Amino acid sequence: MRWLWLDRFTEFQSGSHATGVKNVALDEEALDGYCPAYTFLPPTLIIEGIAQLGGVLVSEHFDFEKRVVLAKVGKAVYHALGRPGDQLRYAVRIDSLQENGAFCSATSHCDGALQAEVDLMFAFLDPSRFGEESLFNPGDLLGMLRLMNFFEVAVDAEGRPLAISENL
Amino acid sequence: MAPTSDEVFQKVQEALVDALGVDDDEVTPEATLVGDLGAESIDFLDIVFKLEKAFDIQIPREELSPEDILTNSQYVEDGKVTAEGLVELKKRMPWANLEEFEKNPRVQDFGNLLTVQDMVRYVESKLAA
């Protein structure tokens, strides 16, 4: 099973915002045991998908040089479940970029209705405490971004298509 | 018009309740952020963000955590901050109450120094600047 909880990037503006979709499917393993008689995507995996979208947004801003990890979920409010057949449309915006972390606010919509609201705090791993090992095997992050249509939609702050970073 | 100390305290309290998941009544002026409210190093990132937003101020990292002083051999001897180092700390953090710390200025104790009241005074100093 791939640990990817986002299917596709649909919009990406460097340093600003990103949107993406997650299609909930009945054959996903994660839905099997969670609530067998009434299947829905575990809400924590909605946070994970949004964090993957936001994590790439923050990481790209620093040209993928910082090791960005989800450090805190400041808020997570769910207005509806994500049920098989639903398409969740995630939107993440950077609220603040700091020297050692970043803050993002995000929404999830389904059929035009607000499905969830999530605030996330990302931290950058400090090499003096956590070593310098990369979070990804060589080429894995680039492969993941390609699978998710990232380069088809990603633009820089001026709207020009993003080149593939040397750090990927 | 500058907010009153009570107004600043209320917003600081709100930020700490949000960032640390503690109750309103735990956030007293005397409470220490680390020892009493359980703040971990990662929480300071969150606290700084919330204070910046609540008061529309910028908080440079070194103002709240003077690591450069505490790791400088010129200001630290045998794990304790020297008299010269204390002068530097007071210059950097005039809003912090260093009275207790001065009695036995062990570097390792510095992390548990800041109180809610210190944060209120810090924000007031930023608003007055």
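A few remarks follow.
- Yes/no for A:LEU70 being in a loop (DSSP other than H, G, I, E, B), among the aliphatic types (A, V, I, L, M) and surrounded by fewer than 20 Cβ atoms within 10 Å (Cβ to Cβ): no
- Subset of the range B:1-11 that is out of contact with any helix residue (DSSP H, G or I) (no Cβ under 8 Å at 6 or more places or on another chain) and in a loop (DSSP other than H, G, I, E, B) - its residue that is farthest from B:ASP118 (Cα to Cα): B:MET1
- Considered as a group, the residues in the range B:12-27 that are part of a helix (DSSP H, G or I), in contact with a Leu (Cβ under 8 Å, 6 or more places away or on another chain) and free of Cβ contacts under 8 Å to residues at least 60 places away in the same chain include one that is farthest from the other protein chains (Cβ to nearest Cβ), and that residue is B:GLU26.
- In this entry, A:PRO42 passes the filter for residues that are away from chain B (no Cβ under 14 Å) and either on the phi > 0 side of the Ramachandran plot or touching a residue at least 12 places away in the same chain (Cβ under 8 Å) (or both).
- The range A:73-99, subset outside any strand (DSSP E or B) and surrounded by fewer than 17 Cβ atoms within 10 Å (Cβ to Cβ), residue farthest from the other protein chains (Cβ to nearest Cβ): A:GLY85
- Odd one out for A:LEU45 among (1) within 12 Å of the chain's Cα centre (by Cα); (2) in a loop (DSSP other than H, G, I, E, B): (2)
- Of note, A:ALA76 satisfies the criterion of being of a type in the set (Gly, Ala, Ser), touching a helix residue (DSSP H, G or I) at 6+ places or on another chain (Cβ under 7 Å) and in contact (Cβ under 8 Å) with a residue 12 or more places away in the chain.
- The set of residues in the range A:100-121 that are closer than 18 Å to A:LEU6 by Cα and either aliphatic (A, V, I, L, M) or under 14 Å from the mean Cα position of the chain (by Cα) (or both) comprises A:CYS104, A:SER105, A:ALA106, A:THR107, A:SER108, A:LEU114, A:ALA116, A:GLU117, A:VAL118, A:ASP119, A:LEU120.
- Unique residue being of a type in the set (Val, Ile, Thr), surrounded by 13 or more Cβ atoms within 10 Å (Cβ to Cβ) and within 18 Å of B:ALA129 (Cα to Cα) when the list is B:VAL34, B:VAL8, B:VAL27: B:VAL8
- The set of residues in the range A:120-130 being more than 10 Å from chain B (Cβ to nearest Cβ) and touching a Cys at 6+ places or on another chain (Cβ under 9 Å) consists of A:LEU120 alone.
- Within the range A:131-166, the set of residues being among the hydrophobic types (A, V, I, L, M, F, W, C), over 22 Å from A:TRP5 (Cα atoms) and without any contact (Cβ under 8 Å) to a residue 24 or more places away in the chain comprises A:ALA163, A:ILE164.
- When B:GLU40 is tested against (1) under 18 Å from A:LYS72 (Cβ atoms); (2) free of Cβ contacts under 8 Å to residues at least 40 places away in the same chain; (3) surrounded by 12 or more Cβ atoms within 10 Å (Cβ to Cβ), exactly one condition is not met: (3).
- Test: residue in the range B:28-41 that is under 12 Å from B:VAL116 (Cβ atoms), away from chain A (no Cβ under 12 Å) and not in a loop (DSSP other than H, G, I, E, B): yes
- Residue count for the range B:94-129 satisfying the condition of being within 18 Å of B:VAL8 (Cα to Cα) and either in contact (Cβ under 8 Å) with a residue 60 or more places away in the chain or of a type outside the set (S, T, N, Q) (or both): 18.
Read the figures in this text as sums done on the coordinates, not as results from a lab. The structure presented is a predicted model; accordingly, all values stated were derived computationally and were not measured. Here the Cβ is made from the backbone with ideal geometry for all residues, glycine too, and neighbour counts use every protein chain on show.
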